[in-house]
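The values are calculated or read from the model by the stated rules, or taken from the named source; none is laboratory data. Predicted model, so just to flag it, every value in this text is computed and none were measured. Quick reminder, even Gly has a Cβ in these numbers, built from the backbone with ideal geometry, and neighbours come from all protein chains shown. Keep in mind that these areas ignore ligands, DNA and RNA; they rest on the heavy atoms of the full protein, side chains included. Shrake-Rupley method; radii C 1.70, N 1.55, O 1.52, S 1.80 Å.
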Amino acid sequence: MKTQLRFFYLLFILLMISMGQMALGKTTLIDGKITGRVTDKVTGQPVPGVTITIPDLKIATSTDADGMYLLKRLPRGEYLIQVSAIGYASETKVIDLGNTYSVDFKLSTSNYELSDIVVTALGNTTTRNRATIPITVVTNKMILEGTANTAIDLIAAQPGVNETTEGAGTTKPQINGLGFDRVLTLMDGVPQEDFQWGDDHGILIDPYAIHDAEIIRGPASLQYGASAEAGVISFKSAPLPDNGTIVGSVLTEYHTNNGYLGTSLNVAGNHNGFVWSLQSSGEEAHSYSNPKDGYVWGTAWNQVNARLVLGLNRSWGYSRLTISALHRRIEVPDGNRDSTGRFIFDSPQNGKIYPTRSDFLSYNANIAGDKILEEYQAWWQNSINAGKGKIGLDIGFTQSVHHDIDTGSIGSGNFLVNDIPYSFKYQIAGEKSGLKLTTGINGIYEWQNNGTAPPAPYVADYEIPNYTNFEIGGYAILEKNFKNLTLSGGLRFDRTDFVGDPMSLNDAGNIVPSATPGSTVQFAGFNNKYTGPSGSIGASYQLPDNNYVKLNVSKSYRAPAINELTSNGLNIGSNAVQLGNINLKAEQGYQIDLAYGYDGKDVSVEADGFYNHISNFIFANRTDSVSQGYPVYRFVSSNTAIIEGVSGHLNIHPAGAKWFELDNGFTYIYSHIPNSSDSTSHVPYTAAPHLNSEVKLRLDGGHNSFLRGTYLKFGLQHDWAQNNIYSALNTEIPSAQYTLFNAGIGTNFVNQKTGKIICALYVNCTNLTNVAYADHLNLAQYFLAYNGTPVTVTKQSQGIYNMGRNISFKLVFPFGSNGNKNVSAE
């Protein structure tokens, strides 16, 4: 541990010295700035309200009534700038803020907002079409027009992406058939290490803090380390405003099904390069309902979140400090019923054994078995100009708190996980040479402590030991851009060190010194080290007539997670006893991705295929044992897993019918475990094939109308049956096909004199026909007990179903400007 602390001390000193030198030298340098005019390519008329963004700097502005824009007090250097507006195709251009002071843009009309959009999740800023592996972009407009209870809900309908659920407020992402510790989730670059190995609580990110997202659909171990074996979900907060501006919004939202109430305040400003933003929000929901179960007991939840960003933009670069705190209390359904199928309490509550209607409609998420989850983060990001390149120095601290409360108010399982994520990166790019180099080291230092045992009659539940984990990896990525060809490749090497403390318990379940007479060993001490290489090489080629192709070959590596190594007890939220395996080997994967796309004025399409071969594949294998009435699972890694599939999208947006848009997304994934019996030949919990289709009709009220940007949309989601399952011992059960219909409407209310948006309204109805269904990745369908005795689910109709019809209402009130520009709901 002393070695790791010295490492962080040296990194901190290096950061402070670099920042001090830059601060002392700032008076000798001139801040970068850029101005220009945006016009319609055909008419030549100015286009107001266009968003001008520099993604690497996370700063944006918009054009005024004359199509003019200005960004100043910016770091010097070369950056990719993106220009986007509703009704126009996005444009990108590399600019040099040390030499370029005026850049004009001419935009072509288009209903498709994702054409040539900028992506940053790969480490090197590029466009989506030129990236060598498939990337999905979820824009702020898409987020505002949708309905979500959680951060993962915002992206779950995208091709190649799915979510596992345990109720409306508990969701985890899955990419190309893999999830949990194989998917890395970031919020403004901060790795979310909040118990990612567990399926009984969701990602601890407030959905209202998210402005947009990028999803890498394939191994990204090269840039981010072992946790990105399946891909990366990079959530990003809103870009900061330009100099001399204060902008913000107030949002309020209500859902009819579970009574979801959400409110959020966002405000941000920029004064001579000092940038800041504040976001605060609160959400709460009572039990949700569906046609089969009625109200589902144990699905209420509530949370509050606050987030503060402070930073400086100077000629030498920028520095940003983000501080956030999130508190979530969430009930966990266990499916406990009487012989008639009616939900009952685990133990009598105030003399009652059955939840009443007032219990179902209560926003207090502390009546059923529940969890208290907290996430605290501090993240310091720095970019410093160094000659023609840039040095990135990031370091942070996160603390994740987890209390399992079965009955009463005392936590039986209490975890406290602390993390220090860090990153040191050097980037250099030359527009003329077409070369981009990114190299550096990153990783995390983590330590976990179990809380003290609860007083009698509560019994402690120690699922994992006290441990430390140090991860470090070094990498280099080189990209070469020719006129139509992009080549990218790189190598990485990772090392992971686990040190676990021994733990012994007495008959009362309290921790006692090792070798205490009469004690039992809960965890043996261990010291495991894992090392492994990662790499990738890929290419994208821009064919004539807006066609493009991509090919990428990658090698991934993942060390076992702490629960896979050491679990020894009941996971209350999963209704299962899990046993780790200290002898697990690291996973080694090889994946090929091939994609074809076309971006035309009327149609945009992309089809992606992948083949993933993983040796030493780790999963929880159900045994024929039972403990405390719950099934026992043991982690194994003796298998090879093959996962392959196709995903894609088709967007039809006729240039001659700007009022019409048809968007479709499809995902099919097939998994196979070679040399296995029929009942064990598939990877557990592989998502069913599904199709999402949506028609949008735009109703343009005219430039002087009180209503602008009005649209109607109608959609469907069809999931086919999933019969390719790991059926041994009823580990997994087949799922039936289902079709959901959705509808929505949205508009902006505008002040006709000033052109400013007063508010934006979004109304959505999901599951319009109130279908009773259970998604294949709905883990709550496996929760069943009769009068407190757990029962193995053998068919879907026994378990808990997903949410029924839901109507959501969302209002956004934007405010603020710099006196010349209007503020949009986006």
* Structure fact -> Note on region 780-794: residues in contact (Cβ under 8 Å) with a residue 60 or more places away in the chain and either on the phi > 0 side of the Ramachandran plot or open to solvent by less than 20 Å² (accessible area, probe 1.4 Å) (or both) are ALA780, PHE783, LEU784, ALA785, ASN787, GLY788, VAL793
* Qualifying residue in region 387-398 (condition: crowded, with 18+ Cβ neighbours inside 10 Å, assigned to a loop (DSSP other than H, G, I, E, B) and of a type in the set (Val, Ile, Thr)) -> no
* **Residue selected from region 746-769 under the condition farther than 30 Å from LYS292 by Cβ and free of Cβ contacts under 8 Å to residues at least 60 places away in the same chain, by the criterion most open to solvent (accessible area, probe 1.4 Å)** => LYS753
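Name the single residue, out of those in region 251-265 being of a type outside the set (Val, Ile, Thr) and part of a strand (DSSP E or B), that is farthest from ASN806 (Cα to Cα).
Taking region 251-265 as the starting set, the residues that turn out to be of a type outside the set (Val, Ile, Thr) are 251, 253-255, 257-262, 264-265.
Narrowing further to those that are part of a strand (DSSP E or B): 251, 253-255, 261-262, 264-265.
On the way: LEU251: 19, GLU253: 13, TYR254: 10, HIS255: 6, LEU261: 13, GLY262: 15, SER264: 21, LEU265: 24 Å.
Of everything passing the filter in region 251-265, LEU265 is farthest from ASN806 (Cα to Cα).
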* To do: Only residues in region 501-516 that are touching a residue at least 40 places away in the same chain (Cβ under 8 Å) count as the first member; pair them with residues that are in a loop (DSSP other than H, G, I, E, B) and open to solvent by 70 Å² or more (accessible area, probe 1.4 Å), Cβ under 6 angstrom, at least 6 apart or cross-chain, and list the lot.
  => GLY509/VAL459
* **Residue list for region 684-698, restricted to those being closer than 23 Å to ASN176 by Cβ and part of a strand (DSSP E or B)** => HIS690, LEU691, ASN692, SER693, GLU694
* Taking region 546-576 only, how many residues are open to solvent by 10 Å² or more (accessible area, probe 1.4 Å), not small (Gly, Ala, Ser) and not in a helix (DSSP H, G or I)? -> 8
* Structure fact -> Here the residues within region 187-240 that are open to solvent by 10 Å² or more (accessible area, probe 1.4 Å), within 13 Å of the chain's Cα centre (by Cα) and under 14 Å from ILE444 (Cα atoms) are GLY189, PRO191, GLU193
* Within region 266-305, tally of residues that are over 21 Å from TYR773 (Cβ atoms), assigned to a loop (DSSP other than H, G, I, E, B) and open to solvent by less than 10 Å² (accessible area, probe 1.4 Å) -> 2
* Structure fact -> Considering residues that are of a type in the set (Ser, Thr, Tyr) and buried (at least 21 other Cβ atoms within 10 Å of the Cβ), the number found within region 596-650 is 3
* **Boolean, ASN129 is under 28 Å from ILE428 (Cα atoms), assigned to a loop (DSSP other than H, G, I, E, B) and open to solvent by less than 20 Å² (accessible area, probe 1.4 Å)** => yes
* Structure fact -> Among strands (runs of 3 or more DSSP E) completely within region 147-229, the ones holding 2 or more residues that are modelled with pLDDT of 90 or more and within 16 Å of ASP775 (Cα to Cα) are 161-165, 171-175
* For region 352-375, indicate whether the set of residues that are open to solvent by 50 Å² or more (accessible area, probe 1.4 Å), among the polar types (S, T, N, Q) and on the phi > 0 side of the Ramachandran plot is non-empty. => no
